[in-house]
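Engineer: Mind having a look at this structure? Questions to follow.
The values are calculated or read from the model by the stated rules, or taken from the named source; none is laboratory data. What you see is a predicted model, and the numbers here were worked out from it, not measured in a lab. All Cβ positions, glycine included, derive from the backbone under ideal geometry; neighbour counts span all protein chains shown. For the accessible areas, the whole protein counts, side chains as well, though only heavy atoms, and no ligand, DNA or RNA atoms are used. Shrake-Rupley method; radii C 1.70, N 1.55, O 1.52, S 1.80 Å.
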Amino acid sequence: MKQLITTSVVLAAALTGAAGAAPLRIATTDLPPLAVEQSREHPGALVEVVHELLRRAELKGKVDFVPWKRALFMAGHFPQTAVFPLTRSPERERDFQWLVHLYHERFVFVTDTARAGAPDPERLKGRRIAILRGSAQVKVLREMGYTRVVETATVAEGLRFVHNGMADAMFGDQDITTGVMRRVFPHAEFSFSAPLRTTTTWLGGSADIPAADAARLQQTMRTMLEDGTYARIMRKYDLATTP
């Protein structure tokens, strides 16, 4: 019995060590200019930041592009999995550990200028509002009185809904919406409201990611801020140089 217990302890320790050594699986979705699918030269500002974080922290990991709802599910249910850019909110505190603060978000209403003019947040209550499926802002919108929420698979789909009159406005991050707009509708004219909400966006992870790995990532981010690496990457994409 004593030998069996000893063997079990050793096996458990070995399994724990193996789990800790497993590479991170990191999920994101196509959210230019923060994450750009199928672009090796310009994969997105936060993709470059995350790759540099992993390299400097000497952690193995792979970034996968998947639909946003699936990215959230993966990080919430699979081991050794992280997701970005993840908006931090009280509802998500129990589902994720917050590994690295990556950026900030400014959420605005977007309308098709020719169809609806400039967005008026008060007048949009009771109108159809498109928003990315799985966004933390879905609940916020409803609490603010915007009850006709239309969830979309992608930001590009949301803009198409607005452009084609299937939604009266879209609610999303200003930088991401601008990036998608330039790529998908380069000749259309959209109008933006003033930011209604400013939040922080993170590399969030599953609960089993070792605390030591999280600490290494956080220290690495501090170094990248101090030596200018973070600012250099963000400038490539015309984004703010402080998170």
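Engineer: Do we have any residue at all in the stretch 173-187 that's in a strand (DSSP E or B) and free of Cβ contacts under 8 Å to residues at least 60 places away in the same chain?
Structural biologist: Of the stretch 173-187, the ones in a strand (DSSP E or B) are 173.
With free of Cβ contacts under 8 Å to residues at least 60 places away in the same chain added as a condition, the list becomes none.
Scanning the stretch 173-187 turns up no residue that is in a strand (DSSP E or B) and free of Cβ contacts under 8 Å to residues at least 60 places away in the same chain.
Engineer: Within the bounds of the stretch 220-231, is there any residue that is under 30 Å from Met144 (Cβ atoms) and either part of a loop (DSSP other than H, G, I, E, B) or of a type outside the set (Gly, Ala, Ser) (or both)?
Structural biologist: First pass over the stretch 220-231, keeping only residues under 30 Å from Met144 (Cβ atoms): none.
Within the stretch 220-231, not a single residue is under 30 Å from Met144 (Cβ atoms) and either part of a loop (DSSP other than H, G, I, E, B) or of a type outside the set (Gly, Ala, Ser) (or both).
Engineer: If you scan the stretch 206-219, which residues turn out to be small (Gly, Ala, Ser) and surrounded by fewer than 16 Cβ atoms within 10 Å (Cβ to Cβ)?
Structural biologist: Step one: of the stretch 206-219, the residues small (Gly, Ala, Ser) are 206-207, 211-212, 214-215.
Result: Ala207, Ala211, Ala212, Ala215.
Engineer: Report the residue count in the stretch 80-99 for those that are in contact with a Lys or Arg (Cβ under 9 Å, 6 or more places away or on another chain) and farther than 20 Å from Glu151 by Cβ. It would help to see each step written out before you state the result.
Structural biologist: Step one: of the stretch 80-99, the residues in contact with a Lys or Arg (Cβ under 9 Å, 6 or more places away or on another chain) are 80-82, 86, 89, 91, 96, 98.
Within this subset, residues satisfying the condition of being farther than 20 Å from Glu151 by Cβ are 80-82, 96, 98.
So the answer is 5.
Engineer: Condition first: outside any strand (DSSP E or B) and at pLDDT 95 or above. Can you find one or more residues in the stretch 16-25 that meet it? Walk me through it before giving the result.
Structural biologist: Taking the stretch 16-25 as the starting set, the residues that turn out to be outside any strand (DSSP E or B) are 16-23.
Okay, now just the ones that are also at pLDDT 95 or above, so none.
For the stretch 16-25, residues outside any strand (DSSP E or B) and at pLDDT 95 or above: absent.
Engineer: Also: Looking at the stretch 148-167, I want the residues that are open to solvent by less than 20 Å² (accessible area, probe 1.4 Å) and have a partner that is charged (D, E, K, R) and not in a helix (DSSP H, G or I) with Cβ atoms under 7 Å, at least 6 apart or on another chain. Which pairs are those?
Structural biologist: Partner pairs satisfying both residue conditions: Thr152/Arg133; Val162/Asp112; Ala167/Arg128.
Engineer: Let me ask something else about it. Can you work out which of the residues in the stretch 220-242 that are in contact (Cβ under 8 Å) with a residue 40 or more places away in the chain and open to solvent by 50 Å² or more (accessible area, probe 1.4 Å) is nearest to Pro23 (Cα to Cα)?
Structural biologist: Kept after step one, since they are in contact (Cβ under 8 Å) with a residue 40 or more places away in the chain, are these residues of the stretch 220-242: 220-221, 223-224, 229-230, 233-234, 236-240.
When the remaining residues are screened for being open to solvent by 50 Å² or more (accessible area, probe 1.4 Å), the result is 223, 236, 238.
Values: Thr223: 22, Lys236: 28, Asp238: 31 Å.
Looking at the filtered set, the residue picked out is Thr223.
Engineer: Given the conditions (1) of a type outside the set (D, E, K, R); (2) within 19 Å of Leu86 (Cβ to Cβ); (3) outside any loop (DSSP other than H, G, I, E, B); (4) out of contact with any Ser or Thr (no Cβ under 9 Å at 6 or more places or on another chain), and given that Met234 satisfies all but one, which numbered condition is not satisfied?
Structural biologist: Here Met234 meets the rest and fails (4).
Engineer: Which of the residues belonging to the stretch 194-205 are open to solvent by less than 40 Å² (accessible area, probe 1.4 Å) and farther than 23 Å from Pro43 by Cβ?
Structural biologist: Thr199
Engineer: Hey, among the residues in the stretch 51-104 that are part of a strand (DSSP E or B) and without any contact (Cβ under 8 Å) to a residue 60 or more places away in the chain, which one's most open to solvent (accessible area, probe 1.4 Å)? Working first, answer last.
Structural biologist: Kept after step one, since they are part of a strand (DSSP E or B), are these residues of the stretch 51-104: 61-65, 81-87, 97-104.
Among the residues that remain, those that are also without any contact (Cβ under 8 Å) to a residue 60 or more places away in the chain are: 61-65.
Values: Gly61: 37, Lys62: 125, Val63: 26, Asp64: 26, Phe65: 59 Å².
Of everything passing the filter in the stretch 51-104, Lys62 is most open to solvent (accessible area, probe 1.4 Å).
Engineer: Quick test of your reading of the structure: Val108 fulfils all but one of (1) part of a loop (DSSP other than H, G, I, E, B); (2) of a type in the set (A, V, I, L, M, F, W, C); (3) closer than 23 Å to Pro33 by Cα. Name the failing condition by number.
Structural biologist: Going through (1) part of a loop (DSSP other than H, G, I, E, B); (2) of a type in the set (A, V, I, L, M, F, W, C); (3) closer than 23 Å to Pro33 by Cα one by one, Val108 breaks only (1).
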